[in-house]
Structure formats: C-alpha cells, structure tokens
Amino acid sequence: MLPGVTIGELIKKLVIAVCAAFLCALSMNLFLVPAHVYAAGINGAAQLISDILLDSAHIHLSIGLLVLILNMPIALLGWFKVGKSFTLFSFITVVLTSFFLTVFAATPTVFRLAAQFYFWRHDFRDWSGGRTEIWDFDRWAGYHRDLFDAA
C-alpha cells in the first residue's frame, strides 16, 4: 500500500480512475471517432496518428494502444518530477482508458443494444414525434448509422 493512503482513499481513487477511463473511452468511441472529431491532448494525438497511418501506409494501429504508448514518457517524467502517488493513479487511468478503448471499439453492437434499450425504456420521441419503440429503432438509427456500424 502507498504510504499515507488509507484503504478507503485507495478504493475511492481507484473507483474514480475506473469511472474516468470508462467515460473517456465511451465518449471517444461513441462520438469523437465515428464523427472524425479529434480529442484534445494525447488522446487526440493518438487519433490523428492512427488516421494518418491508416490513410497513408494502410497500417491499422489501435487508438488505445497509441494512447498507452504516447503516455509512457509522460508517466516516466511524472514519476520523477510530480510524485509517485499522482503518477501511479494517472497511469492506472491511462491503462484502463487504453483497455476500454480497445474493448469498446470491438463491440459496436453492445452500444446499439444499450441505446435501443435506453430509448425504449425512457419513452423518447423519434424525429417525427412518435414514440420510439424497439421495432422502429432501426428507423431512428438510420440517422446515426455511423454510430452503429462496425468499423
């Protein structure tokens, strides 16, 4: 255990790291990557490098892997200059973000099913004002096909 950190604080920091990584990966894979919008910082640089390699050299490198690789020198600098505890939890968040980016990129149908259930469960209205049911989700998803098609 880290010196000066209680079990409760450790669990709290780990839960925050998992939630932050999950939300970051979810937002990138559901909104930014399908819309070809680049995030800020290392995540955006990873998106850009991935797109450049794919377009110019036809080499597919996962955004999650690039996020991990690009963050390694920063983590090393942080370990010596910023502090070990902060760097450790930051790197845990980076590793989890990389993992979630890779897992979520491989499972677009899970997002489709989750969105379908969400819209059905919360009685959302579709674009014409009618109730969005499970059976007309495909019509709604037609407007957002890039979110639900496998890459």
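Of the peptides 86-94, 48-56, the order by per-residue mean of other Cβ atoms within 10 Å, starting with the highest, comes out as 86-94, 48-56.
The Ser85 and Asp55 beta-carbon pair, evaluated with R₀ = 30 Å, returns a calculated FRET efficiency of approximately 0.15.
Where a number appears in this text, it was derived from the coordinates with a stated rule and is not lab data. Quick caveat, the model's predicted, so the values are computed rather than measured. We place every Cβ from the backbone using ideal geometry, glycine too, and count neighbours over all the protein chains shown.
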